[in-house]
1. Which of the aspartates and glutamates could be linked to K149 by a straight reach, that is with a Cα gap under 20 Å, when you skip same-chain ones fewer than 8 residues away?
2. Would you mind ranking D290, D63, D222 by Cβ crowding within 10 Å, fewest neighbours first?
3. Give me V204, V263 sorted ascending by neighbouring Cβ count inside 10 Å, so fewest comes first.
4. Exposed loop chymotrypsin sites (Phe, Trp or Tyr not before Pro) only (DSSP loop, at most 15 other Cβ atoms within 10 Å): please give the longest stretch of the chain free of them, not including the sites.
5. Taking square-rooted eigenvalues a ≥ b ≥ c of the alpha carbon gyration tensor, is segment 298-339 rounded, prolate or oblate, where a/c under 1.5 means rounded and, failing that, a/b exceeding b/c means prolate?
6. Using helices alone, I'd like the mean residue ellipticity at 222 nm for the chain: each DSSP H run of four-plus residues gives -39500 (n - 2.57), total over residue count, nearest 500.
7. When M199, M215, M105 are ordered from fewest to most other Cβ atoms inside 10 Å of their Cβ, what list results?
8. Beyond 27 Å between alpha-carbons counts as too far, so tell me which of K52/K305; K247/K283; K45/K247; K122/K143; K143/K289; K3/K140 fall in that bin.
Amino acid sequence: MAKLKCAIIGCGRISYKHVEAIANNDDYLELTAVCDVIEERAVEKKNQYLEKYPDREVAVYTDYQEMIEKEDLDIAAIATESGYHGDIAIHCLEKDLHVMIEKPMAMTLEEIDAINDLGRKKNLKVAVCHQNRFNPPIQKLHKAVEEGKFGNLINGTARVLWTRDQHYYDLAPWRGTKALDGGTLMNQCIHNLDLLLWMMNSPVVSVKAERGTFMRNIEMEDYGVVLMRFENGTIGTLEGSAVVYPKNLEETLSIFGETGTAVIGGLAVNEIETWNFEDPEEKIDDPVKDEIDNVYGNGHTPLYKDYIEAIVEDRDPLISGEEGRKPVEVLLKAYGQTE
């Protein structure tokens, strides 16, 4: 088949992972254009791609609407500030492009529902970047849940205990704002919340939260805890901090059941730390670890592979727009912005 043509909109902190994933799926996908309001950032991402494929041509834009009008595209990867995701995704879908959207999918449920409705109406594929679902230890954990190794689930806990100093927020003034970013729960914790919701696999029926801004000069929280009750009776907790002293402490996902306990940790939930089950066949002789060197992990490449296959096979991607809606809905409830 002909390669799908992809453009990246937003060339900031996370965009290098999109360039990497596109390059790693070169049999099916090519980078056609990059766009950022700061042209130098777009040029940098173009050059990153050309390091691997120096004979290619990648156009550079500062206006994504102009880019869409001028370029022959199939996919738009949206990696701008979170508060702009909704408007950009809707515009891309209106122009008949599939969309891959960085987390969080959008900042309101109205925007998310509009994106999903338009995608369904036009048979365009919407995917959301919760790439940690593709970590081998997370895949193994989900398989154990699906196969009933835990017996009846009791509770799950997602913890992201990191530090982000004031300099981090000052580098990009949109960080920590209600309109464009959200706080620690929405920004740093949403990946782990997605994993927790995926494992518990039941609608959330109640949400309670406590949040505070203790050390950072930002609009939203730098520490928070969310308590969830699921329809199946299980309980989930999410704890997130940007003020751990003196550096990142942990990112862990823990699942507890009648006949099993598992904890996935490491730099980015990429390593099995605890794996105890009643079933004697469910054991680990050697540590299961996905070798990574950054908090984003290696999941963007398989995320894109699944997305390409979803387009070709006309199926939902693993992390569809409907899946991307779930953690945002919980966090908006925690923020008191929706019932």
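Coordinate-derived values only; no laboratory data. Keep in mind the model is a prediction, meaning the values are calculated, not measured. Don't worry about glycine lacking a Cβ; one is built from the backbone with ideal geometry, like all the others, and counts go over all protein chains shown.
1. Cross-link targets: E258, E271, E273, E278, D279, E281, E282, D285, D286.
2. Numbers: D290 21, D63 11, D222 25.
By the 10 Å Cβ count, ascending: D63, D290, D222.
3. Details: V204 18, V263 21.
Ordered from fewest to most neighbouring Cβ atoms within 10 Å, V204, V263 come out as V204, V263.
4. Numbers: sites that count: W174, F214.
Maximal segment without exposed cleavage sites: 1-173.
5. Numbers: a/c = 6.37, a/b = 2.34, b/c = 2.72.
Oblate shape, in that a/c is at least 1.5 and b/c is the bigger or equal ratio.
6. Numbers: 11 runs with 115 residues, N = 339.
Taken over the chain, the calculation gives -10000 deg cm²/dmol.
7. Working: M199 25, M215 16, M105 32.
Arranged by neighbour count, lowest to highest, M199, M215, M105 become M215, M199, M105.
8. Numbers: K52/K305 18 Å; K247/K283 33 Å; K45/K247 29 Å; K122/K143 33 Å; K143/K289 16 Å; K3/K140 31 Å.
Table pairs above 27 Å Cα-Cα are K247/K283; K45/K247; K122/K143; K3/K140.
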